[in-house]
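Heads up, the thing below is written out as structure tokens.
What follows draws every value from the coordinates through simple rules; no lab data is involved. On a predicted model such as this, the values are computed, not experimentally measured, just so you know. In this analysis, Cβ positions are derived from the backbone assuming ideal geometry, glycine residues included, and neighbour counts consider all displayed protein chains.
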Amino acid sequence: MTLTLTRQKENLENYIRSKGTSIKGFNLYQNQVLLEKQIIESYETADRPKELVDLVNTIEAFTEIGTYEVNDFASEILEEVSLDRTDLPNLNKKTNKVKYNIRSFSGYIYFSQEQMDDREYNLHEFLGKRIIKLERKTKNKEIGKILQTAEKKTATDIDELKSIISLISPERKVSMVLTQSLFDTLSKIKDSSGNHLLKANKTTGTTETFYVDDFLIVDDTTLGNKGDKLAFIGDLENFVTLFDLRKSTLYWASSNNVFAQKLTLHTRFDAKKIEADCGYLVAWN
């Protein structure tokens, strides 16, 4: 019998407060309680600003090891065939084959004993929001590591940034990802009349200054080190694919340095570069 979302959240609350002794209503995965997609997705918010994880291609993986094959972007067209179908289209198109291997990422979720003891406190709601935040932040960091491997370019002014954008095919969906340090620099550049050149809306992820589909600001360490003025410019959806096993689990684990148990979150995914020629990592000089 499929449990209702309300019942699943009640079971989650019971599991937390019982410190793992109550596993009623849960399926187990590697001896940990499995958080079904329905309950994870219920904590997502519709008005959340876009992040890297929202702009890359995401595929639900059903095996921990596999091979992903996709046509090269330029060859994604249909071939003409005769009406009597005596000939076949050219099937020998260029393809990209990438092997993925699901990795596990773990960390503690901290909350106070007072939250545990207070029966009026909505513990599962607090936990749900923390799970979403931790999973998204972890995936963003792993995606950022792949973006750092893109072909390197340099730029010294806004016009040079525009020139790099123009290197990307207009048929692609182009994203511009700036580190906070670079955004701070660009936001202070003015024209001869004293007007700021950069016009961007962080909330909607758009800009009037650059001809791109998505405009995103990230922490410096996502693309490099603190203080690095960097940008990724390219087709994020085809540059990176995230293989998500969708098997997030919780587990009350003993800590080696603290005489207590801690609630541990495990999430499982892999991120891979698919098309290397559709993006650039730009350093501001």
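For the chain, averaging the sequence separation of C-alpha pairs within contact (under 8 Å, six or more residues apart) and dividing by the residue count gives a relative contact order of 27 percent. With each label modelled as a point 7 angstrom along the Cα→C-beta vector, the residue 190-residue 133 pair spans 3.8 nm. The local environment of residue 29, defined by Cβ-Cβ distances under 10 Å, has a net charge of +2 under the rule Lys, Arg +1 and Asp, Glu -1. For the range 1-141, what does the alpha-carbon gyration tensor say about shape, rounded, prolate or oblate, given a ≥ b ≥ c as the root eigenvalues, a/c under 1.5 as rounded, and a/b over b/c as prolate? Cα axes put the range 1-141 in the prolate bin.
Dipole orientation for the chain: of the candidates 155, 168, 38, 38 has the Cα lying most toward the positive pole (charges on Cβ; Lys, Arg +1; Asp, Glu -1). Hey, which of these cross-link pairs are over 22 Å Cα-Cα: 153/226; 24/139; 9/262; 139/188? Violating the 22 Å Cα-Cα cut-off are 24/139; 139/188. Here residue 94 is the anchor, and the lysines within straight C-alpha reach of less than 20 Å, apart from those fewer than 8 places off in the same chain, are 272, 273.
Computed over the range 30-140, relative contact order equals 34 percent, with contacts defined as Cα pairs under 8 Å that lie 6+ residues apart. For residue 11, neighbours were defined as the other residues whose beta-carbon sits under 12 Å from its Cβ, and their charges (Lys and Arg +1, Asp and Glu -1) total +1. The amide H of residue 29, built 1.01 Å from its N in the peptide plane, has 34 as neighbours under 5 Å, considering only residues 5 or more places off or on other chains. Within a straight-line Cα-Cα reach of under 14 Å, residue 247 can be paired with the following aspartates and glutamates, leaving aside sequence neighbours fewer than 8 residues apart in one chain: 36, 41, 60, 64, 135, 270. GNM remark for the chain: springs join alpha carbons under 10 Å apart, and the peak mean-square fluctuation among 82, 181, 104 falls on 82. When the helices of the chain are scored as -39500 (n - 2.57) per DSSP H run of n ≥ 4 and the total is divided over every residue, the value at 222 nm lands at -7000 deg cm²/dmol. Taking a ≥ b ≥ c as the square roots of the eigenvalues of the Cα gyration tensor, the chain is classed as oblate, since a/c reaches at least 1.5 and a/b does not exceed b/c. Checking the Cα-Cα distances for 99/152; 137/162; 162/229 against a 27 Å cut-off, the pairs over it are 137/162.
Just add up the charged neighbours of residue 201: K/R +1, D/E -1, any other residue whose Cβ is under 13 Å from the Cβ of residue 201. Walk me through the numbers on the way to the answer.
Working: positive: 50, 199, 202; negative: 208, 214.
Here the charged neighbours net out to +1.
Each Lys and Arg adds +1 at its Cβ and each Asp and Glu adds -1 at its Cβ; summed about the Cα centre, the chain shows a dipole of about 1120 debye. For the peptides 127-133, 264-270, the ranking by packing is 264-270, 127-133, with the highest mean count of neighbouring Cβ atoms within 10 Å listed first.
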